[in-house]
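Values quoted throughout were computed directly from the atomic coordinates according to the rules given, and no laboratory measurement underlies them. Predicted, not measured: the structure shown is a model, and the values here were computed from it. A quick note on method: Cβ atoms are made from the backbone with ideal geometry, for glycine too, and the neighbour counts reach across all protein chains shown.
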Amino acid sequence: MRSLRPYTWLCLLALSCARTAAAAAAAATEPQPLDVTRADVAQFIASMHDKYGFDTATLTADFADVRTQPAILDAISRPAEKSLTWYEYRARFVTEQRIAEGTAFWAAHRELIDSTVDARGVPGEIVLAILGVETHYGRTVGKYRVIDALSTLAFDYPPRSSFFRGELEQLLLLAREEAVDPRSVLGSYAGAMGAAQFMPSSYRRYAIDASADNKRDLWNDWADVFGSIANYLQAHGWASGEPVLTDALIDQAHAHDLDTRPVVLEETVASLHDKGVRFDTALPATAPAMLLVADRPEGVAFRVGFRNFYTITRYNHSPLYAMAVNDLAAELAAHAAAPVTTQAGAAP
């Protein structure tokens, strides 16, 4: 038998190394059991016992069932709010399909949504737009077990481990309060839950039992969902009857004086007017305001956000998110108010 030539050996070695590397890469993307003997995990379990009286053996068993998710670490490193321009972001959420489905959803739940508006002073279209942007009106509430998502970020994502450990703590407290298995709750890669996508701390603080059935259910109870979103906005300063934002033009001679840092209410209607920002509003001169940049394919445009814009950013701190909610809400309101036409195209 003839011996293999040197280059043949090299090819076989390279192929073997490539297969090994591919197998290692595949393994690195697979969920892995959480090591409950890790010092930080064991310390967390002990703190839940010491602070809140959780049974150590039960928590240890729960966490032994946790799977850390490499896909979550990848997803949190590239959120859409930081990787897309405004017009790209808007195109994802303010679509004909989402408008049509939101209009139909509103019609199906009109009475319940109207009662939410009356109770909290938040317009129905704003509540619906948040629901539309967050979960496509409850259709996509997340595929990850929340305990997996929060454990992955709490123990394997150093930049925000403290925040996510706090949310993991809140999840366990919430599960005890609502009498649910914490391993059964599904949500987003960041641990947001239900149709409203509340983080556990927000769920405990702002979710309400609007249907009065002694449960706060943000997955299946639309009264609780609508009421909780409105309650969150009201608690964060929603001003009933005031606008969210408006389009603006800038006098180029004053452009160098302007600060477009997002989500900071450091200007007023009067101060922006004084700096050459032209926009219409019925708000008083002293009303807080901020200048926003809205990138478009044809160039940069500007908008002015008011107090209610800032309130929406308490739901999600991205100004792109708040602008998408505003624009989707405007489309929903316009379509809901439009007359229903017959097949011949005339109003009945």
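Please work out which option in (1) 42, 29, 23; (2) 33, 22, 18; (3) 36, 22, 19 gives semi-axes √(5λ) of the Cα gyration tensor in Å calculated from these coordinates, and answer with its label. Label (1) holds the value from this structure. Take the Cα radius of gyration of the range 272-327 and divide it by 2.2 N^0.38 Å, N being the number of residues; the result is 1.18. Evaluate E = 1/(1 + (r/R0)^6) for residue 83 and residue 301, where r is the Cβ-Cβ distance and R0 equals 22 Å; express this FRET efficiency to the nearest 0.05. With R0 = 22 Å, the Cβ-Cβ based efficiency is 0.65. Comparing mean-square fluctuations of 311, 116, 246 from a GNM of the chain with C-alpha springs under 10 Å, the top value falls on 246. In terms of its alpha-carbon gyration tensor, the range 125-218 comes out oblate; a/c meets the 1.5 threshold, while b/c is at least as large as a/b. For the Cα atoms of the chain, what angle does the longest principal axis make with the long axis of helix 124-135, in degrees from 0 to 90, nearest 10? The helix 124-135 is inclined about 20 degrees to the chain. Relative to the longest principal axis of the Cα atoms of the chain, the long axis of helix 96-108 lies at roughly 70 degrees.
Would you look at the GNM of the chain, springs on alpha carbons closer than 10 Å, and say which of 297, 70, 33 moves the most? Ranking 297, 70, 33 by mean-square fluctuation puts 297 first.
Computed extension length for residue 265-residue 55: 71.0 nm, one decimal, from 0.36 nm per residue of separation with the Cα-Cα distance subtracted. Comparing 188, 151, 83 in a Gaussian network model of the chain (Cα springs below 10 Å), the most mobile by mean-square fluctuation is 83.
One chain, two ends: residue 280 and residue 37. Fully extended at 0.36 nm per residue, the span grows by 81.4 nm beyond their Cα-Cα distance. Here the alpha carbons of the range 29-69 define both size measures, Rg and Dmax, at 10.8, 35 Å. Counting only DSSP H runs of at least 4 residues, each contributing -39500 (n - 2.57), and dividing by the residue count of the chain, the helix-based mean residue ellipticity at 222 nm comes to -16000 deg cm²/dmol. Normalised by the number of residues in the range 161-306, the mean separation of alpha-carbon contacts (under 8 Å, six or more apart) gives a relative contact order of 16 percent. How far is helix 319-337 tilted, in degrees, relative to the longest principal axis of the Cα atoms in the chain, given as a value from 0 to 90 rounded to the nearest 10? Its long axis makes an angle of about 50 degrees. A Förster distance of 41 Å, applied to the separation of the beta-carbon atoms of residue 46 and residue 112, puts the FRET efficiency at 0.40. Here the contact order of the chain, divided by its residue count and restricted to Cα pairs under 8 Å and six or more residues apart, works out to 16 percent. Which of 168, 228, 281 sits farthest toward the positive end of the charge dipole of the chain, with +1 on the Cβ of Lys and Arg and -1 on the Cβ of Asp and Glu? Ranked along the dipole, the leading option is 168. Its Cα centre serving as origin, the chain has a Cβ charge dipole (Lys and Arg +1, Asp and Glu -1) of approximately 1220 debye. Of all aspartates and glutamates in the structure, those lying under 14 Å Cα to Cα from residue 51, and not within fewer than 8 positions of it along the same chain, are 169.
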